[in-house]
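One structure is given below, encoded as structure tokens.
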Amino acid sequence: MRESVTLVHIRTQLGPWLDLHMQRRGRLLVGMLLMLLTALSALGLLAVSGWFITASALTGAVLAMGGTAMLDVYTPGGAIRLFAVSRTVSRYIERLYNHDTILRLLADLRGRLFDALVRMDGERLSGRRASDWLNRLTADIDTLDALYLRLLAPPLVALLLSIALVALVGFWVPEAALWLGLALGVSWCWLTLGQARLGLTASRRRVQTLEELRSATMETLRGLAELEAYEALVRRREQLEGIEQRLLRDQWRLSIVAGIGNALAATAIGLCWVMVLVFAIPAFQAGAVSAPVMVMLPLAAMALSEGLTPLPAAFTQFGASLAAAERLNQIDECRSDEGHISDLPNGPLALSVEAVAHRYPGAMFQALEEVSLTLEPGQRVAVSGPSGAGKSTLLALISGQMAVQQGRILLAGHDIASLSPQCLSSAVGCLTQQVDLFDARIADNLWIADPEASEQRLWQALEAVDLADWAASLEEGLATRLGEGGRQLSGGQARRMALARLWLSDPGLVVLDEPFAGLDADTAERVRHGLEDWLAGRSVVYLVHEHDPSRPKPGMQGVTLGLELGLQDPLAWHDEAESVTM
Amino acid sequence: MEAAITDRATSGGSPARRWLSRRTAEQSHWLNLAVLCGGLAGLATVGQLVLLAGLIDVVIRKDGGVAAVWPWLMGILLLLGVRALLSIAQELAAQRGSQRLRQRVRREVLDHLAALGPVRLTQYHTASLAHQWVEQVEALDGYAARFWVQMRLVALVPLVILVLVAWQDWLAAILLALTAPLIPLFMALVGMGAEALNREQFVAVARLSAHFVDRVRGITTLRLFGAGPRATVEVVAAADDYRRRSLRTLRLAFLSSAVLEFFSSVAIAVVAIYIGFGLLGDIPFGPAQDLTLFSGLLILLLAPEFFQPLRTLSLFYHDRASALAASDGLCELLAETPDERRHVPDRLVDDAHLLLSLQGVTLDHSGRGRVLGPIDLVIPRGDVLAISGPSGSGKSSLLQVLAGFVGAGEGRRLVAHDLAFAWMDQRPLLIHGSLADNLALTAPDADDCRMMAALERAGLGALVRALPEGLETSIGEGGRGLSGGQAQRLALARIFLSNAPLVLLDEPTASLDAVTEGILIEGFRELAAEGRTLVIATHHPALMAMGNRQLIMDAGREVTCANQ
């Protein structure tokens, strides 16, 4: 499937995430100590109770026979009450504290992922399935936030609890300590490392299979019309069931592994207390320990369950965390090289696209056939072509979202690869075909372009795209929330909102991908008019569909993109004058 | 009372709960087996503790050495082994039941989706349907395999322990029962707390995730505006804000489990002190006078076990909440009634000449009113019918009715006995797999030779021959490796491979480049020349010209029908 899993591989994959955790090591330590305190309280409660009852029974027996005996009932009684309370309180505080930690870690993890996404090469982001991929990443982050509570703290708590127990037993019955320590050491290794090893392949693959099943389901649902027409649904369902079977088989394997792990944990705990007992009985008979102590020690060993029981289930699923980390790490590998030139002249910028072509990884065809165009400062060009001809790819390349594979792109004479991301994003303004609006207030959405803009500026921006009246009619005005993905808006409104946002920025080059798609003719005309002042004094690239009415007009430079591999001359110039009016 | 609360927790309330408990009950043989194994494992634990108490009694009071208690030790070890096997059996039985449950539910949902048909499914987001079918059904696992089983163990094992304790010392038993003021009450308490926690947490976490997903989805825009670093800060701040707010709820919500923990700790403490003083002879009444070291120890050892199942159950409340949330969504989906008229067409009498006929057919969409008809249409064999009209005039609806993807509201759809049809729209079916897999899906009997020929006719021959792996080339998830035009030509190749006499084409050339358009139109001509019947909904002049009959529609009605 993938490369075999070595310890080095695990360390490199989980390393960055562990480092991130370690930034909060103080909190992690406190949380872990609270867990330990809870477990130790349980141990103390049972051990002291056992001691007390045995001591009472012996004293009572002496008293009943008319002898004299003294038993301090207050110290053990107090200890029992103390442990009862400390177990409850430490457990409560521990849960609260650790949930706080987890939520802090989640913020850290999300911050890190987001930062990595901001810096990555945009190849994946431009792919057709980008949104599915991004959803998966967020799910992976949620998997990793369990790292501390499931995989980091419990084994350490179990280890410390074991050491405490060995010390306690060793204090009274030294000869038992060695064997107990050995048994606990072996059990601990098995329940953590052994379980992780046994469950690794299946739990790692399970995540993958789930993903496969989900995408196969989507394909099936999208193609349902054809499947029904050709009566192929039955065959397709067999394929889906085949994938589901693989999923269930892996789960079954994991159940067996986890089941054995749980049984082994319980058995190990049982064997430990039996072993302690076997050592304690002769010690008692030899007079080395009293009867209450002999009873106390195995009871203390029973409290191991507080530490060992959670281990097998968590470690059997170790592979899932590893797989999540592996996928997230891929983003870091896609980190784009950042240029460092950060000063471009103000005003309109010259653009030169020289023999640029692009092919997405794994694609059979080129997304963009070789294209060249030059644009003097302040000029406008219209690039037209059918869907899939590579218009959006061209936009992603010009705006520096993706690295240029072939040919080069110069902005004001500089290769865009040499420009810093900040410089590039302020020099090139884009309206993408798919408009992203955020579930936030209108003002927040606009401030993305210019966080310093005054409210008055925001209104001007809305005025330019003919949305001011609409916004003014809203009860909450600029504070109106737009809903998930701008759902509260119609397609045309969303497009205009994105144009208003663009209006607030001050780029020297503007790339507009089908700027008026989804607008009726009147609105399109008003928006065109509203934007004219802003567009004047900037270089503009229009990307338009070949059937779009706003395709090159007489007097405007135009480029047509070709599409299919070797089917036609990929590039045809409209030999019109290079005037820039529109 | 116990039964009443059990009932409320599993089957009362919403239809989703009833559905979930019904589906779970169907697998009850496996799950009950798990309960049985769990119960027996619990008994084995109790047995161990009885043996331990007895062993200590022998050692201390009768001065027996290790040799004297050897049989006791062996008994304990034996029970350890038995318990281990039983717990494995419990896990596996529960998993088997849960797997069968999930398989059953997946089949049910997929049957339902297939019954709803391609047209009705367009109102759903495909990704969220897939998420429901895969992840939401997975979420039922914890409920069936853990919560359901543990729910029953909670009622079994503590009862046995209580009886055992009462047999030794009824006052201690009452103490236990008092400190746990009836298990059901506890359960309700924990349940309410956990539910409140889950409801609030679910909402908070969902809102936080939604915020994050929203920002991630718009990452391209944020990058374009150079707003990435600012947004990163915002994402972290939002998570931190939610943390502070949700901690306020958690502070209360965790109290319920703290109460459980407190009572179980206090019960052990009280029982220990009671027994201690009883053994000392300080309690001169009731059964305390008869306490022995054996009975005292046994009661003490059993006290934590008495509460253990309940503590375990409280860990599984989260599973239950997720399963209920998932069932809510699934039930809502299943509540959508499929169109029953979709699959019961009438037979044509004269099917030597006719393939399909619509008589007074209408179609209504909720919210949009009448979108089609009443319309009469006869499709003779070998006909090429071009349907045109402005968008929204009902072209696609007519095609969907012809295909049987939607059932007619009124009127009748009559079909020939041998009606099989091919379908093509703008979004061809593409599966993750090789080109051959994609062709074989609709033409399972075709060999490589026929596949190549079909690809050749669809204008993909040169491209595929140039590929090093040919037909075995993988086209990637969602057809990532193909352009839109190539995908359409693949769909055309599928039509060539099929022997379907009727070919339904829904705007097959929309938003394609001119070259692909030309290839497709040429392909359709060939199909017509083969004698196949074509029905084409289109705006494209060249396609319209292909028809030997033209049907122009407006507002769901036929405007003109002209023969050429």
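Values quoted throughout were computed directly from the atomic coordinates according to the rules given, and no laboratory measurement underlies them. Fair warning: this is a prediction, and the values are worked out from it, not measured in the lab. So basically every Cβ, Gly included, is an ideal-geometry build from the backbone, and we count neighbours across all protein chains shown.
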### Intensity falloff of the range A:153-299 expressed as log10 I(q)/I(0), Debye formula with alpha-carbon point scatterers, at q = 0.12, 0.19 Å⁻¹
-0.66, -1.05
### Query
Rounded to a whole number, what is D in µm²/s for the range A:411-493 from Stokes-Einstein with the Kirkwood radius over alpha-carbon pairs (4 °C, 1.567 mPa s)?
89
### Query
What nm value, rounded to one decimal, do you get for the distance between B:TRP167 and B:LYS62 when each label is placed 7 Å out toward the C-beta?
1.9
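For B:LEU164, A:LEU180, A:LEU82, what ranking results if the residue with the fewest other Cβ atoms within 10 Å of its Cβ goes first?
A:LEU82, B:LEU164, A:LEU180
Shape verdict for chain B, please, from the Cα gyration tensor: rounded (a/c under 1.5), prolate (a/b greater than b/c) or oblate. Let's see the in-between values first.
Numbers: a/c = 2.86, a/b = 2.73, b/c = 1.05.
Judged from the Cα gyration tensor, chain B comes out prolate (a/c at least 1.5, a/b above b/c).
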### Query
What FRET efficiency do you get for B:ASP447 and B:GLU472 if R0 is 22 Å and r is their Cβ-Cβ distance, rounded to the nearest 0.05?
0.95
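From the helices alone, meaning DSSP H stretches of at least four residues, give me the mean residue ellipticity at 222 nm for chain B, per-run term -39500 (n - 2.57), in deg cm²/dmol to the nearest 500. Display every interim value, and only then the final one.
On the way: 19 runs with 346 residues, N = 564.
The helix contribution divided over chain B gives -21000 deg cm²/dmol.
Filter chain B for me: DSSP H helices, axial length by Cα at least 15 angstrom, mean Kyte-Doolittle hydropathy not below 1.6. List them by residue number. Mind showing how you got there, number by number?
Values: long enough: B:15-26 (16 Å, -1.51); B:28-61 (48 Å, 1.51); B:70-121 (74 Å, 0.31); B:149-168 (29 Å, 2.01); B:183-217 (47 Å, 0.62); B:228-280 (73 Å, 0.85); B:293-315 (34 Å, 1.37); B:317-335 (26 Å, 0.27); B:484-497 (20 Å, 0.52); B:514-529 (22 Å, 0.78).
Once both thresholds are applied, what remains is B:149-168.
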### Message
Testing the spin-label approximation: label points 7 Å from Cα along Cα→Cβ at B:SER366 and A:LEU20. State their distance in nm.
### Response
4.3
### Query
How far apart, in nm, are the 7 Å Cα→Cβ label points at B:ASP554 and B:ARG230?
5.1
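Provide the FRET efficiency to the nearest 0.05 for the A:SER490-B:LEU252 pair, computing r from the beta carbons and using R0 = 35 Å. Present the calculation step by step, with values, prior to reporting the outcome.
On the way: r = 43 Å, r/R0 = 1.22.
E between A:SER490 and B:LEU252, to the nearest 0.05, is 0.25.
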### Query
Along the charge dipole of chain B, which of B:ALA326, B:ALA155, B:ALA562 sits closest to the positive end, that is, farthest toward it, with unit charges on the beta carbon of Lys, Arg, Asp and Glu (+1, +1, -1, -1)?
B:ALA155
### Summary
Length gained, A:LEU178-A:SER372, 0.36 nm per residue minus C-alpha separation, equals 62.0 nm
## Note on the structure
If one compares the long axis through the Cα atoms of helix A:233-285 with the longest principal axis of the Cα atoms of chain A, the angle in degrees, nearest 10, works out at 30
### Query
Rounded, prolate or oblate: which fits the range B:233-338 when a ≥ b ≥ c are the square roots of the eigenvalues of the alpha-carbon gyration tensor, with rounded for a/c under 1.5 and prolate only if a/b beats b/c?
oblate
### Summary
Output row, site A:THR201, 7 Å Cα→C-beta label point, backbone N cut-off 18 Å, window the range A:302-340, residues A:316-323
### Query
Taking one equal scatterer on every alpha-carbon of the range A:7-333, how large is log10 of I(q)/I(0) by Debye at q = 0.07, 0.09 1/Å?
-0.43, -0.63
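Indicate the gyration tensor shape class of the protein assembly as shown (rounded, prolate or oblate), computed on the Cα atoms with a ≥ b ≥ c the square roots of the eigenvalues: a/c under 1.5 is rounded; otherwise a/b larger than b/c is prolate and the rest oblate. Display every interim value, and only then the final one.
On the way: a/c = 2.62, a/b = 1.92, b/c = 1.37.
Prolate is the answer for the protein assembly as shown, as a/c is 1.5 or above and a/b outweighs b/c.
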### Query
Between the range A:432-489 and the range A:260-334, how many Å separate their Cα centres?
58
### Summary
Check: C-alpha center the range B:46-67 vs C-alpha center the range B:73-135, spacing in Å is 44
#### Entry: Estimated FRET transfer efficiency (A:GLU455, A:GLU475; beta-carbon r; R0 22 Å; 0.05)
0.85
### Task
Determine the dipole magnitude for the range A:157-252: charges of +1 sit on the beta-carbon of Lys and Arg, -1 on that of Asp and Glu, nothing else is charged, the reference point is the Cα centre, and the result goes in debye to the nearest 20.
200
### Task
State, in angstrom, two size descriptors of the range B:340-563 derived from its alpha carbons: Rg to one decimal place and Dmax to the nearest whole number.
17.8, 54
### Message
Based on the alpha-carbon set only, what is the convex hull volume of chain A divided per residue, in Å³?
### Response
222
